[in-house]
1. Can you tell me the dipole magnitude for the chain around its Cα centre, using point charges on the Cβ only (Lys, Arg +1; Asp, Glu -1), in Debye to the nearest 20?
2. Any chance you could give the angle, 0 to 90 degrees and rounded to 10, that helix 85-94 forms with the longest Cα principal axis of the chain?
3. Can you tell me the 0 to 90 degree angle between the C-alpha axis of helix 174-187 and the longest principal axis of the chain, rounded to 10?
4. No other cysteine beta carbon under 4.7 Å away is the test; run it over the chain and list who passes.
5. Where the centroid of each part is defined by its Cα atoms, how far is the stretch 89-126 from the stretch 1-75 in Å?
6. Return the equivalent ellipsoid semi-axes of the stretch 156-216 as a descending list in whole Å, where each equals the square root of 5 times an eigenvalue of the C-alpha gyration tensor.
7. Relative to the first principal axis of the alpha-carbon coordinates of the chain, what is the inclination of helix 50-61, with its axis defined by its Cα atoms, in degrees from 0 to 90 and to the nearest 10?
8. In the stretch 174-254, which trypsin sites (Lys or Arg not before Pro) are in a loop and have at most 12 other Cβ atoms within 10 Å, using DSSP for the loop call?
Amino acid sequence: MKYIIVTYGCQMNVHESEKLAAICEKMGYELTESRDDADLIVFNTCAIREGAEDRVFGNIGALKKLKKKKPSLIIAVCGCATQKESTASYIYRTFPFVDIVIGTFNLPLFEQYVLSVKNGRQMKLLSEGDIDENIPYKRTSGDNAWVNIMQGCNNFCTYCIVPYVKGREKSRKEENILNEIKSIISEGKYKKITLLGQNVNSYGKDLIPQVSFAKLLSDICALEGDFKLTFMTSHPKDLTDDVIDVIANEDKILKDIHLPAQSGNNRILNLMNRRYTREKYLDIIHKIRQKIPDARITSDFIVGFPTETEEEFLDTKKLVEEVKFAGIFAFMYSPREGTVASKMDGQVPQDVKQRRVNELLALEKEIQKRLK
Ligand code: SAH
Ligand code: SF4
Ligand code: F3S
């Protein structure tokens, strides 16, 4: 019996798929590279932008033929897109050959759903879930080991679906994280350890007693072994001086800092509920560069947020020009059902978003050329 997992979305989802892979192998399935040989196909989905969801729908549709050829094939769809009730029921109704539709919170129970398929199709959504502390993973990312330090997000940026599909912020106990990392080091296969969370800087605020992200970083660096440490994603409003100091002082920590700015305009940042200003963002950048001269700072931007004017978009271009990032991602704003921004007046037309994203990426390319 063979399985294949198709993963969409961010690094956290890649790591969730490593958990699914461990569950599949525990059930006795072996990995295959091809959907044609598989007895179990799992789609681990993403909901961050409309495009991500559309790709999933298209690819599920294409499985109909496979199921016809092999009626015993089990098809499961899980993850952030199916955590939304509306998307889960759309998939369940539109694709009768899909056997299992679950969200993000019941993923640890995946085995149970696969075993129950013999009794009929399964569609189950839970509205919250505790963070799994000790679930095994089948690591699939070469010499990089992902380590989840928290789940969920409390920030409710007005454009973002993540808090709705991943729930509130929950940190793992520091002891469990350190134990997982010790066992990663003792395997001797991994050169790099990447800590994952939607907003790693607020790690530990929900623990009793509280543990700061800076302390977690130094405690990890104090572990014996030859490894490099990195993390994502930092939120500018929470990137404190003590974290910058630890990055500067610890040789084990890579000097890569992904610090999404989203916009260079204060009115838009406020509408996005990002809770920092352009000036505060630039302050942090200067602080980082002062203390970590070889820092490689990267960022994310959203263009065409509702009501964004041409001048406000220019502020974003000016910020990119001023900071000279080591790299940026630029996205066209995509309205997500249920978020505050999706209900705002002044949605920006698609052709304007497209032009702005092209302009921003062209500017970035030119800056990269100049920097070389
Ligand atoms: N937690 C991380 C990012 C998660 S999503 C953070 O706060 O930075 C990754 C990126 O997708 C975001 O930085 C943002 O630029 C983009 N994004 C999120 N929602 C979006 C939407 N509705 N439309 C377009 N881009 C979006
Ligand atoms: Fe989304 Fe904002 Fe949370 Fe990042 S910090 S996951 S952008 S709500
Ligand atoms: Fe990641 Fe997409 Fe979910 S970006 S957290 S897989 S919505």
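1. Numbers: 55 positive and 52 negative charges, 192 e Å.
The calculation lands at about 920 debye.
2. With both axes taken from Cα atoms, the answer is about 40 degrees.
3. Compared with the principal axis, the helix lies near 70 degrees.
4. C10, C24, C46, C78, C80, C153, C221
5. 13
6. Details: eigenvalues 129, 48, 18 Å².
Equivalent ellipsoid of the stretch 156-216: 25, 16, 10 Å, largest first.
7. Once rounded, the angle reads 20 degrees.
8. Here the trypsin sites (Lys or Arg not before Pro) that fit, given the DSSP loop and packing criteria, are K189, K191.
Quick note: the coordinates plus some simple rules give every number you see, no bench work behind them. None of these values were measured; they are calculated from a predicted model. Positions of Cβ are generated from backbone atoms using ideal geometry, with glycine treated the same way; all protein chains shown enter the neighbour counts.
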